[in-house]
Every structure is written in structure tokens, then in C-alpha cells.
Amino acid sequence: MQLSKEDLTIFNEIEKIREEIKAQRLPIILKDYGAGDPEDNRDEKQMYEGVEKSTNSFDLCSIGLKNEWAQKLYFLVKENKPKRLLELGTCCGFSSIYMSKANKNSTIFTVEGDCNVAKLASNNIKKANCSNIKQYIGKFQDILADVLEEIAFIDFAFIDGHHDKDATIKYFHQIKPFLTENAIVVFDDISWSEGMKEAWEIIKKDSSIERVEDLQKLGICYINKG
Ligand SMILES: C[S@@+](CC[C@H](N)C(=O)[O-])C[C@H]1O[C@@H](n2cnc3c(N)ncnc32)[C@H](O)[C@@H]1O
């Protein structure tokens, strides 16, 4: 898809919000849920309970999709026009904002474990004037089942949190029954660790997937339930 003047304006506006909040260097205390860094080798209990961290808005807003990756997500949504989108891992809200701007006739349901991080995301979402993003605060392990029941069907899922092999495979299977016939599921960080590489190798062979795009960082699955 050709990059239009309107797309460029949208990208610049989103990145301006990111730069403003980064420059403020707001102190944030958070619980870091999920796998942490690849060398952390956290066990299930540590991933569930999280690790307390003291950080700031500069470091936090540097996490997540940026530049060509954020734009790839944007164009996937713009081209395929999914109506109901699920995101695991809101962080500061920027990937939600990219998806929201790509299809204003959609609803983005996004889940984040840490309440202080979710609050920062909420402020960014307000600044970006996105009224089609619904935030949920809670651990995926605790609330995903209820969130899925509420959404009922999903045209597009972006899995960008808890980069652990077993957890990633589990979330895919948990989400699968709720996917519409030609849904798209995007995984971030498929080469981030040996575990994530193994998860991707397993997931991409699932019988519900017609075609995958392996971009080393993003793994895109085109579902065909027909
Ligand atoms: C890589 S960041 C998401 C970045 C965001 N999607 C973006 O591109 O702007 C992952 C987020 O997932 C959250 N997370 C990780 N494991 C989680 C879990 N088990 N339950 C809830 N949130 C979790 C973390 O708190 C973190 O904010």
C-alpha cells in the first residue's frame, strides 16, 4: 500500500506524542509481568507475580513497535479493515493508537497487566483522540478468558506481551476459537529468544493457518477456518 500524505501526518502526530512524553521523563514504578529479558529465565511464578521496577516515561515509551514495524501494523489494519481487534500488551498505548488510526470503524480491545503503565497509555490514547480503544487492566492469565467472552469474535489479534514459549502457544490456542474465518494474528518478537523461535515454529504449522509471513521480528498468520 502506498504511503499517503494523510498516513504520514498520522505517523508524525503519534510520534510527537511519544517524544513529548519521553521528554518529560516521568518516574514510574511498575510490575514487570511476563518473561522479562531473554536471559532472565523466569519461572512461571515470577512471570505471574511480576518483578517490581522503577523506571521513567523515556525508557517505557521506547518499548514496543516503532518506525517501519509500527507502520507495518498500521497498513495491515488499514488494508484488511478488521472490525474487532485484540491486543495483548498495551504498554504505553502506541501500537493501539496506530491500529486505531488505521481503521476508525474498528474497536481495539487491549490488555495490560500493570495499572501505572495502563494509566500512562490512557493519557496517550486521550491525547491521540482515539475513542475506539477499550483498555483492560489485568494479567492475561487472569482476565483473558473473560475478555474473550466479552469480545465474542476477533478479526485481528496482536500478541505483544509475555514472550514465553508455553505462554505464547497457550494464548494462541485460547484465542483461536474466537477468531473469525479469515482473521489475522500477529506475533511480535518471534526471534527474541530460543523459546519464542520454538513457539513460532509450532504455531505457524497450526492447521487453522493458511499462510504466514515471517518478518523475523513480526510473525503474521493468515487464518482460514473455511
Ligand atoms: C512489549 S510491551 C507492549 C508494547 C506495545 N504493544 C507497543 O508496541 O507499543 C509488553 C507489555 O505486556 C505487558 N505484559 C507482559 N506480560 C503480561 C501478562 N502476563 N499479563 C498482562 N500484561 C503483561 C507488559 O507489562 C508490557 O507493558
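The values are calculated or read from the model by the stated rules, or taken from the named source; none is laboratory data. Since the model is a prediction, treat every value here as computed from it, not as a measurement. Reconstructed Cβ throughout: ideal geometry from the backbone, glycine too, with neighbour counts over all protein chains shown. Areas reflect the complete protein model, heavy atoms only, side chains present, ligands, DNA and RNA absent. Shrake-Rupley method; radii C 1.70, N 1.55, O 1.52, S 1.80 Å.
Of all residues in region 134-161, how many are of a type in the set (Val, Ile, Thr), open to solvent by less than 60 Å² (accessible area, probe 1.4 Å) and within 12 Å of the ligand (Cβ to nearest atom)?
Initial filter on region 134-161 (of a type in the set (Val, Ile, Thr)): 137, 143, 147, 151, 154, 159.
Cutting the leftovers down to open to solvent by less than 60 Å² (accessible area, probe 1.4 Å) gives us 143, 147, 151, 154, 159.
Imposing the further condition that a residue be within 12 Å of the ligand (Cβ to nearest atom) reduces the set to 143, 147, 159.
Of the residues in region 134-161, 3 are of a type in the set (Val, Ile, Thr), open to solvent by less than 60 Å² (accessible area, probe 1.4 Å) and within 12 Å of the ligand (Cβ to nearest atom).
Residues in region 162-180 that are under 13 Å from the mean Cα position of the chain (by Cα) and open to solvent by 10 Å² or more (accessible area, probe 1.4 Å): HIS162, HIS163. Out of curiosity, is ALA183 in contact with a Pro (Cβ under 8 Å, 6 or more places away or on another chain), assigned to a strand (DSSP E or B) and either over 19 Å from ARG42 (Cα atoms) or open to solvent by 10 Å² or more (accessible area, probe 1.4 Å) (or both)? Here the answer is yes, as ALA183 does meet what is asked.
Quick check on LYS119: is it under 27 Å from GLY36 (Cα atoms) and not in a strand (DSSP E or B)? Spelling it out, LYS119 is indeed under 27 Å from GLY36 (Cα atoms) and not in a strand (DSSP E or B). Filter region 12-37 down to residues that are farther than 13 Å from GLY161 by Cα and modelled with pLDDT under 95, then give me how many there are. Qualifying residue count, region 12-37: 0. Pairs meeting the criteria (first residue in region 156-184 and over 13 Å from LEU144 (Cα atoms), second residue among the basic types (Lys, Arg) and within 12 Å of the ligand (Cβ to nearest atom), beta carbons under 8 Å, at least 6 apart or on different chains) are ASP164/ARG42. Report yes if some residue within region 143-154 is under 19 Å from GLY64 (Cβ atoms) and among the small types (Gly, Ala, Ser); otherwise report no. No, region 143-154 contains no residue that is under 19 Å from GLY64 (Cβ atoms) and among the small types (Gly, Ala, Ser). Of all residues in region 23-64, those satisfying the criterion of being open to solvent by 30 Å² or more (accessible area, probe 1.4 Å), in a helix (DSSP H, G or I) and either of a type outside the set (Ser, Thr, Tyr) or without any contact (Cβ under 8 Å) to a residue 12 or more places away in the chain (or both) are ALA23, GLN24, PRO38, GLU39, ASP40, GLU44, LYS45, GLN46, GLU49, PHE58, ASP59.
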